[in-house]
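Q: If you scroll down you'll find the structure; I have some questions about it.
The values are calculated or read from the model by the stated rules, or taken from the named source; none is laboratory data. Model, not experiment: these values are computed from the prediction. Ideal geometry is used to build each Cβ from the backbone, glycine not excepted, and the neighbour counts take in all protein chains shown. Side chains included, ligands, DNA and RNA excluded: accessible areas come from the protein's heavy atoms. Shrake-Rupley method; radii C 1.70, N 1.55, O 1.52, S 1.80 Å.
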Amino acid sequence: MVLITDILKAKRDSLSLSSDDLYKFATGIADGTVTSYQASAFLMASYINGLDSEETLALTMAMRDSGTIVQWDDHPRPLADKHSTGGVGDKMSLVLAPLAASIGISIPMISGRGLGHTGGTLDKLESIPGFNVNLSLEDFRKQVFDLGVCMIGQTKQLAPADRVLYSLRDATSTVTSIPLICASILSKKLAENPDILVFDVKCGTGAFMQNRKDAEELAQTLVQISKLSGKKASALVTSMNKPIGLCSGNTLEVQESLDILNNKGPADSTELTVELVAEMAMHAGIENGRELCLENLANGKAMDLFAKMVEAQGGDLEAFEALSLAPVTLDVRAARTGYWCGPDALVVGKAVRKLGGGRYRVEDEVNPLVGWEQEVLCGSPVEDGQILGRVHAADRESAEEATRTISESFTWDSPSDPLIFEEIR
Ligand code: URA
């Protein structure tokens with residue numbers, strides 16, 4: 001019988017682990033027979049000595065199999081999900097899910113909360129009064145059969161080994177290992193059991209991956225391991241040097257999502273969402289996915305599905321639309337005429353978190369109303385004195401601090417990044 005200490009010794013000495021070793025390890029993590037100090041040693045050895053693609057695949061599958069795998073049996077449509085590695089102003093999921101459902105792709109989406117300076121889909125959805133992200137897996141499955149779309153939070157049954165390892169990675173400084181990130185993300189996505197996975201790998205100051213090389217490596221690994229596990233998969237490596245769209249902050253981002261769904265959203269966030277759904281459509285064998293998306297944004301079908309999903313999950317869109325603004329709003333004006341390239345994504349993400357829109361500790365409450373709202377998109381010509389955007393804050397002091405830090409990060413007159421750096425299939 002293989003001992004956990006033998007597995008640790010092998011990884012410490014840079015030997016390859018077998019699929020059986022990794023199953024034993026992941027099962028032991030989930031049932032508590034592998035201790036947290038052994039798990040931590042495994043993480044550090046894997047961080048330093050790496051995991052090759054066979055080991056990454058085996059670890060991913062073992063972590064997936066540590067819990068329930070959703071069964072779709074005779075589901076009549078292609079099933080897909082999207083994972084974003086996290087950014088600032090990244091509200092794509094809220095639009096993507098009903099939009100994809102409106103063109104015939106079912107979306108069983110399990111999302112997370114804001115992490116560090118990046119926003120989280122669950123926090124955004126919960127800014128809609130009454131919206132319940134805590135459905136059971138049975139209700140989740142039923143809603144996907146009924147409506148073609150459901151958006152919930154992680155449940156205890158899905159990939160429990162990841163919950164343990166994820167909580168240890170921060171404390172052991174092993175977060176930034178590509179195989180560990182890949183196994184963590186994919187174990188949960190594979191437990192949802194869709195046919196198609198599309199990844200939005202963010203790259204830039206406001207992203208987990210700061211440079212193209214790391215972002216491309218993560219994107220390649222996610223696609224490769226997804227394919228090896230039997231899924232259709234592709235990734236877009238997208239820019240996150242500037243916030244995407246006009247709004248960053250939970251309520252503001254839901255408002256922008258409604259604008260996109262009502263076909264009057266900003267060009268960049270609309271385009272990226274459509275491109276991600278078009279990737280899914282390509283894998284699903286749906287021709288002209290992009291055109292169908294544009295049609296369903298224009299004819300209200302995507303908005304209609306979003307409204308049905310909100311209602312099915314207890315949310316009240318009328319109450320959302322009646323929400324008041326944060327107590328203080330403070331405009332920011334252009335101090336010159338020129339080509340405004342916008343604020344830095346990381347600065348905005350941190351400023352929104354400091355305003356109360358994100359968390360420093362898991363137990364922190366999020367203030368849904370605060371955030372940064374732009375009047376103009378990054379990369380636009382502006383006149384001296386023109387309003388560029390405004391901070392929404394709980395009080396004057398925090399509003400002034402956020403306007404100062406965000407304004408200090410503005411750049412001018414430089415070429416902007418393309419929205420999508422690269423497609424990986
Ligand atoms: N999201 C995850 O689920 N896991 C990671 O390791 C990083 C992002």
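Q: Restricting to the range 373-398, give me the number of residues that are open to solvent by less than 50 Å² (accessible area, probe 1.4 Å) and either charged (D, E, K, R) or under 21 Å from GLY204 (Cβ atoms) (or both).
A: 10
Q: Further question on the same structure: Applying the selection to the range 77-98, what residues are away from the ligand (no atom under 14 Å from the Cβ) and either of a type in the set (Ser, Thr, Tyr) or more than 14 Å from the chain's Cα centre (by Cα) (or both)?
A: Once the filter is applied, which keeps residues that are away from the ligand (no atom under 14 Å from the Cβ) and either of a type in the set (Ser, Thr, Tyr) or more than 14 Å from the chain's Cα centre (by Cα) (or both), the range 77-98 yields ARG77, PRO78, LEU79, ALA80, PRO98.
Q: Being buried (at least 22 other Cβ atoms within 10 Å of the Cβ), farther than 20 Å from ASP90 by Cβ and among the hydrophobic types (A, V, I, L, M, F, W, C) is the requirement here; does ALA351 meet it?
A: No.
Q: Which of the residues belonging to the range 193-245 are part of a strand (DSSP E or B) and over 18 Å from THR176 (Cα atoms)?
A: Hits for the range 193-245 are ILE196, LEU197, VAL198, LYS232, ALA233, SER234, ALA235, LEU236, THR238, SER239.
Q: Quick one: which of SER127, SER111 is within 16 Å of the ligand (Cβ to nearest atom) and within 26 Å of VAL370 (Cα to Cα)?
A: SER111
Each row is one residue, and each column tells you yes or no for (1) surrounded by fewer than 21 Cβ atoms within 10 Å (Cβ to Cβ); (2) at positive phi.
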| residue | (1), (2) |
| --- | --- |
| LYS264 | yes, no |
| MET280 | no, no |
| GLY285 | yes, yes |
| GLU291 | yes, no |
| ALA298 | yes, no |
| ALA319 | yes, no |
| VAL328 | yes, no |
| ALA335 | yes, no |
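Q: Still on this structure, I have one more. Find the residue count for the range 310-341, including only residues that are of a type in the set (Ser, Thr, Tyr) and assigned to a loop (DSSP other than H, G, I, E, B).
A: Count: 2.
Q: Restricting attention to the range 170-214, report how many residues are over 19 Å from MET61 (Cα atoms), out of contact with any Lys or Arg (no Cβ under 8 Å at 6 or more places or on another chain) and of a type outside the set (Gly, Ala, Ser).
A: 12
Q: A further question follows. Do any residues in the range 89-112 that are in contact (Cβ under 8 Å) with a residue 60 or more places away in the chain and on the phi > 0 side of the Ramachandran plot have Cβ atoms under 6 Å from those of residues that are away from the ligand (no atom under 16 Å from the Cβ) and in a loop (DSSP other than H, G, I, E, B), where the two are at least six apart or on different chains, and which pairs are they?
A: Every condition considered, the pairs that remain are GLY89/PRO243; GLY89/ILE244; GLY89/GLY245; GLY104/ARG77.
Q: Within the range 181-202, is even one residue open to solvent by less than 40 Å² (accessible area, probe 1.4 Å), within 23 Å of PRO418 (Cβ to Cβ) and acidic (Asp, Glu)?
A: yes
Q: Shifting gears a bit: If I filter the range 181-207 down to residues being among the acidic types (Asp, Glu) and closer than 18 Å to GLU279 by Cα, which single residue comes out as nearest to the ligand (Cβ to nearest atom)?
A: ASP200
Q: Still on this structure, I have one more. Tally the residues that are without any contact (Cβ under 8 Å) to a residue 40 or more places away in the chain and either open to solvent by 50 Å² or more (accessible area, probe 1.4 Å) or touching a Cys at 6+ places or on another chain (Cβ under 7 Å) (or both), restricting the search to the range 363-372.
A: 2
Q: ALA101: more than 16 Å from the ligand (Cβ to nearest atom), within 19 Å of ALA235 (Cβ to Cβ), small (Gly, Ala, Ser) and at pLDDT 95 or above, yes or no?
A: no
Q: For the range 79-96, state whether one or more residues are more than 26 Å from PHE208 (Cα to Cα) and of a type in the set (Gly, Ala, Ser).
A: Checked against the condition, which is being more than 26 Å from PHE208 (Cα to Cα) and of a type in the set (Gly, Ala, Ser), the range 79-96 yields no hits at all.
Q: Answer with yes or no whether LEU228 is in the same structural domain as ASP139 (by TED's automatic domain parsing) and either of a type in the set (S, T, N, Q) or open to solvent by less than 10 Å² (accessible area, probe 1.4 Å) (or both).
A: When the stated conditions are applied, LEU228 does not pass them.
Q: Quick check: is even one residue across the range 322-342 touching a Lys or Arg at 6+ places or on another chain (Cβ under 9 Å) and under 24 Å from GLU275 (Cα atoms)?
A: There is at least one residue in the range 322-342 that is touching a Lys or Arg at 6+ places or on another chain (Cβ under 9 Å) and under 24 Å from GLU275 (Cα atoms).
Q: Which of the residues spanning the range 35-55 are open to solvent by 50 Å² or more (accessible area, probe 1.4 Å) and closer than 15 Å to SER14 by Cβ?
A: Residues satisfying the conditions are MET44, TYR47, ILE48, ASN49, ASP52, GLU54.
Q: Another question, if that's okay. Restricting the search to the range 152-166, which residues are assigned to a helix (DSSP H, G or I) and within 11 Å of the ligand (Cβ to nearest atom)?
A: Answer for the range 152-166, where residues must be assigned to a helix (DSSP H, G or I) and within 11 Å of the ligand (Cβ to nearest atom): ASP162, ARG163, LEU165, TYR166.
Q: Still on this structure: Kindly check whether there is at least one residue in the range 86-101 that is surrounded by fewer than 23 Cβ atoms within 10 Å (Cβ to Cβ) and within 30 Å of GLU55 (Cα to Cα).
A: No, the conditions are met nowhere in the range 86-101.
Q: I'm trying to understand the selection: among the residues of the range 167-180, which are near the ligand (Cβ under 8 Å from one of its atoms) and free of Cβ contacts under 8 Å to residues at least 40 places away in the same chain?
A: VAL175
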